[in-house]
Amino acid sequence: MSWVLQGVSILGGPPTDVLVDGGVIAEIGAGLRGEQTLDAAGLVALPGLVDLHTHLREPGREDAETVETGTAAAALGGFTAVHAMANTDPVADTAGVVEQVFHLGRAAGHCDVAPVGAVTVGLRGTALAELGAMATSAARVRVFSDDGVCVSDAGLMRRALEYVKAFDGVVAQHAEEPSLTVGAQLHEGVVSAQLGLAGWPAVAEEAIIARDCLLAGHVGSRLHICHVSTAGSVELIRFAKARGIDVTAEVTPHHLLLTDASATGYDPVFKVNPPLRTRADVDAVRAGLADGTIDAVATDHAPHATEDKETEWAAARPGMLGLQTALPIVAGLGLAWSVIAERMSSAPARIGRLPGHGRPIAVGEPANLCLFDPAATWTVDGHALASRAHNTPYEGMTMTGAVVATFLRGEPTVLDGKLT
Ligand code: DOR
Ligand code: ZN
């Protein structure tokens, strides 16, 4: 089916028509015709968003999320590809599990699913997983991460960095020195002291980032830092990049918007790892995202079953939903549309080595697109989101900007803000 996106603004540019045909962008110009027409006046076209960090929970916690429900949420959020994190049950540490997740993604059809492979067997941090077998499997794994836990052993981290070079892979580190975060509940600072919750100090993140940048430089490998949350982390990554170290970094929408002050009511919906930080940290990660020190926005979409989340703070699991609220939050930061496209599509596609995604909106390119209405407003209702879980920290909040349509290789996965 061919589509004309009529009067659309490509990255905020002047209105034009875009003809999508045969899975690609066939023509751009005035007065185009196709089998179907979408009135896109007032809509901004972005390349389909790519998430480097999505917890889809399948296999193992299908009561919290499945590949079907998580990728439905992704498509509704404007995403055409997501990286599925490896901390499932069983852990995605073998070719068999990553192939299963990959095939479930294909079958659901809402967006592409690129499985992340675990770095260590069982996320236990003692022996490397079969990285090569995952890389050469049908899932073509390029991103390896023990996310949820840090690869804290420096020698093992070095081996992982060396190993992934063979297949152009990247190690995505959850930077948390475990001996500094025993029992930690919230950012170590004024608010944690007031609430009487054990602190998660910024230095636990920064110490690992410093170490791993030095390791990546030493072995000449590619390193990615997950969910950067502190001002000091931004400084360290800026320093490493200036030294020519091949490091990239992501920041989450929640670390761009929320602070540890959200925790004052002890509502565990705001519990997340790394924790929400201070206003100064939020300002620093925003500046890092704007100047490119932080390459990408990644959601860290972390659905949790009600009984795991709606409990006392210390017992609650860390993590929050993110896929359907990411673009409105980032669009509210005042970045140019071209910068948003780079940080939410092109950079994550490059880091994850997904060649069909994150491409410019130009004739001949794959028609992976997100059409966004920057003027629309809507109120977040956790029970109306597509995820199986409801743990959104934005409940009741009015968002400005809504995804109207998502196209995956020329076919709409979302139209009129609804799944097709
Ligand atoms: O808040 C988090 N939730 N941080 C992580 O690193 C893991 C994630 C999860 O799996 O729920
Ligand atoms: Zn993590």
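The values are calculated or read from the model by the stated rules, or taken from the named source; none is laboratory data. A quick note: this is a predicted structure, and the numbers were derived from the prediction, not measured. All Cβ positions, glycine included, derive from the backbone under ideal geometry; neighbour counts span all protein chains shown. Accessible surface is based on the protein model in full, side chains and every heavy atom, while ligands, DNA and RNA are left aside. Shrake-Rupley method; radii C 1.70, N 1.55, O 1.52, S 1.80 Å.
Given the criteria within 16 Å of ligand 2 (Cβ to nearest atom), in contact (Cβ under 8 Å) with a residue 12 or more places away in the chain, of a type outside the set (Ser, Thr, Tyr) and buried (at least 21 other Cβ atoms within 10 Å of the Cβ), does Cys226 qualify? Taking the combined requirement at face value, the residue satisfies it. For segment 181-201, the count of residues that are acidic (Asp, Glu) and open to solvent by less than 10 Å² (accessible area, probe 1.4 Å) is zero.
Okay, residues lined up against (1) closer than 22 Å to Val251 by Cβ; (2) in contact (Cβ under 8 Å) with a residue 40 or more places away in the chain:
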position: Pro115; (1), (2): no, no
position: Met134; (1), (2): no, yes
position: Gly148; (1), (2): yes, yes
position: His187; (1), (2): yes, yes
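Residue-by-condition table, conditions (1) more than 16 Å from Ala280 (Cβ to Cβ); (2) of a type in the set (S, T, N, Q):
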{"site": "His187", "(1), (2)": "no, no"}
{"site": "Ala193", "(1), (2)": "yes, no"}
{"site": "Ala210", "(1), (2)": "yes, no"}
{"site": "Ala216", "(1), (2)": "yes, no"}
{"site": "Ser221", "(1), (2)": "yes, yes"}
{"site": "His227", "(1), (2)": "yes, no"}
{"site": "Thr230", "(1), (2)": "no, yes"}
{"site": "Ser233", "(1), (2)": "no, yes"}
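On inspection, Val191 passes the criterion of being touching a residue at least 24 places away in the same chain (Cβ under 8 Å), away from ligand 1 (no atom under 14 Å from the Cβ) and part of a helix (DSSP H, G or I). Among the residues of segment 105-162, those that are within 16 Å of ligand 1 (Cβ to nearest atom) and under 16 Å from Arg57 (Cα atoms) comprise Pro115, Val116, Gly117, Ala118, Gly122, Leu123, Ser145, Asp146, Asp147, Gly148, Val149.
Among the conditions (1) in a helix (DSSP H, G or I); (2) within 16 Å of ligand 2 (Cβ to nearest atom); (3) in contact with a strand residue (DSSP E or B) (Cβ under 9 Å, 6 or more places away or on another chain), Val269 misses just one, which is (2). Screening segment 62-145 for helices (runs of 4 or more DSSP H) wholly inside it with 2 or more residues that are open to solvent by 20 Å² or more (accessible area, probe 1.4 Å) and touching a strand residue (DSSP E or B) at 6+ places or on another chain (Cβ under 9 Å) returns the ranges 95-108. For segment 125-143, the criterion of a residue being within 16 Å of ligand 2 (Cβ to nearest atom) and more than 22 Å from the chain's Cα centre (by Cα) is satisfied by at least one position. Filter segment 376-392 down to the residues that are of a type in the set (A, V, I, L, M, F, W, C) and over 13 Å from Val403 (Cβ atoms) and list them by number. The answer is Val380, Ala384, Ala389.
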